[in-house]
1. How compact and how long is the stretch 99-148, expressed as Rg and Dmax of its alpha-carbon atoms in Å?
2. Rounding to the nearest 20 debye, state how big the charge dipole of the stretch 59-125 is about its Cα centre with +1 on each Lys and Arg Cβ and -1 on each Asp and Glu Cβ.
3. Calculate, axis by axis, the spread of Cα positions in the stretch 260-340 along the three principal axes, and write the results as whole Å, longest axis first.
4. Mind running the shape call on the stretch 60-134? Use the C-alpha gyration tensor, a ≥ b ≥ c as the square roots of the eigenvalues: rounded below 1.5 for a/c, prolate if a/b tops b/c, oblate otherwise.
5. With each pseudo-label sitting 7 Å past Cα toward Cβ, what's the Lys282-Leu263 distance in nm, one decimal?
6. Of Lys94/Lys174; Lys193/Lys282; Lys193/Lys294; Lys94/Lys172; Lys172/Lys303, which pairs sit farther than 22 Å apart, going by alpha carbon to alpha carbon?
7. Based on alpha-carbon atoms only, what is the radius of gyration of the stretch 98-195 relative to the globular estimate 2.2 N^0.38 Å?
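No lab work stands behind these numbers, since they all come straight from the coordinates. Quantities reported herein were computed from a predicted structural model and do not represent experimental measurements. Please note: Cβ atoms are built from the backbone with ideal geometry, for glycine as well, and neighbour counts cover all protein chains shown.
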Amino acid sequence: MDKNANVKSKLQDVKKFVKNEIWEKNLKPSQVKEKIKNRFEFEPDYQFCANLTYGVQNEIFGEASKDAYNLKVFSERLRKKFPEFFYKDKAIDKTLKSLFFSTPGMQNLYENYNNLLILDSTFGTNRFSMPFVVGCIVNNEGRTLIAFFALLSQETAEEYEWCLEAFLECFKNKQPDNIITDECPSIKKAVQKKFSESNHYLCAWHKSSNIKKQLSYHGISQKIKSNLFRLLIKLNLLGLKDLNKRKDCEQLLIDLYQLPYCLSRDVVDKVFQSAFHNELLKDLKYLKDLEEAKTDWSAAYRKGSFTLRAKTSQRVERMNHTIKRVLSPSMTLNEMLVRMLSLHNQLTNHDFEENEFEKTANVEVVLSDSKVLARVDGIVSNYAFKHSLLNLAKCLS
């Protein structure tokens with residue numbers, strides 16, 4: 001009897017320990033196994049750790065189907081209380097696939113600052129591993145702010161088209177004057193189809209990195225990895241031992257890398273002409289395709305467009321970094337929405353007490369556990385987030 005009691009007590013200790021660890025970080029069963037081994041000096045089998053991990057995650061965050069249902073109920077209540085709160089979802093066979101959110105505050109910002117929209121996606125923000133898409137704008141003070149955020153089932157052209165359709169529905173078909181994205185083919189296709197009135201530009205940094213990747217040039221003494229352009233091999237085969245010729249090749253490649261940032265169309269054309277007359281590059285199909293699409297990625301062809309001197313998607317990349325410090329891979333959809341509302345309030349310097357969401361309807365969200373607050377850092381301080389949650393808790397009581 002005592003032996004069974006000791007085993008039961010030890011199992012409870014293990015479960016409590018694992019629960020605390022999963023609060024802090026989304027752990028895989030193999031990681032849980034290692035932590036139990038180090039803490040309790042015994043090695044459980046993998047299946048035990050997998051079952052324990054799954055059970056603890058459900059206990060903390062709830063079942064996946066209930067999580068999606070609770071989020072929908074929460075969003076519907078917000079929309080009922082505040083008609084301008086925009087929420088849209090897509091479900092297939094009663095399974096939640098995609099979500100789109102924009103608060104009245106975000107919509108007001110976009111109405112005033114719709115000259116430039118920077119679009120990007122990131123991962124590791126929710127327990128379903130859904131890609132997190134955020135659209136950012138720049139206000140009159142040069143600050144990067146959020147216009148909307150969305151969750152997609154996967155990064156396909158169809159999903160991005162659905163997202164942009166929701167965007168147009170939310171913002172009353174008001175397309176941005178200019179939009180900057182990376183080179184993701186799915187985003188490019190969706191933007192070209194849905195934002196026909198906008199000037200679509202590709203991020204200069206991503207384009208420069210892609211050129212470097214395609215040409216794979218890291219120095220004359222290094223082995224070229226690219227299958228497309230083996231510069232070192234060609235140099236040796238052609239016998240270009242003359243130092244000046246090698247330097248000319250090096251400078252030409254450097255000029256190609258810097259083309260996305262170049263502000264002169266004459267310089268862009270000159271570099272391409274030099275490349276097409278170079279024995280090593282003249283037959284390279286990639287360069288011909290690059291030259292044909294230069295109006296999409298070259299900063300020289302953005303003159304006359306009010307892009308606030310933005311050539312890259314760096315602003316939204318920084319925003320993604322901030323978001324990932326607030327959200328986590330183990331986060332439920334309900335908690336994600338609450339934290340994103342709080343983040344938006346902090347970015348716009350709004351006090352949650354005076355915010356439109358202070359008196360929202362009831363929703364089951366964990367607000368009292370200190371470990372929720374302990375996982376918030378970065379731009380949203382523990383105090384600020386706690387203050388937001390306490391004010392939200394008042395209207396939920």
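1. 12.0, 36
2. Roughly 300 debye, rounded to the nearest 20.
3. Principal-axis extents of the Cα atoms in the stretch 260-340, largest first: 58, 30, 16 Å.
4. Details: a/c = 2.34, a/b = 1.40, b/c = 1.68.
In terms of gyration-tensor shape, oblate.
5. Going from the Lys282 label point to the Leu263 one covers 3.4 nm.
6. Values: Lys94/Lys174 31 Å; Lys193/Lys282 33 Å; Lys193/Lys294 20 Å; Lys94/Lys172 28 Å; Lys172/Lys303 28 Å.
Going by Cα-Cα distance, Lys94/Lys174; Lys193/Lys282; Lys94/Lys172; Lys172/Lys303 fall outside the 22 Å limit.
7. Numbers: Rg = 12.7 Å, N = 98, 2.2 N^0.38 = 12.6 Å.
Scaled against compact globular proteins, the figure is 1.01.
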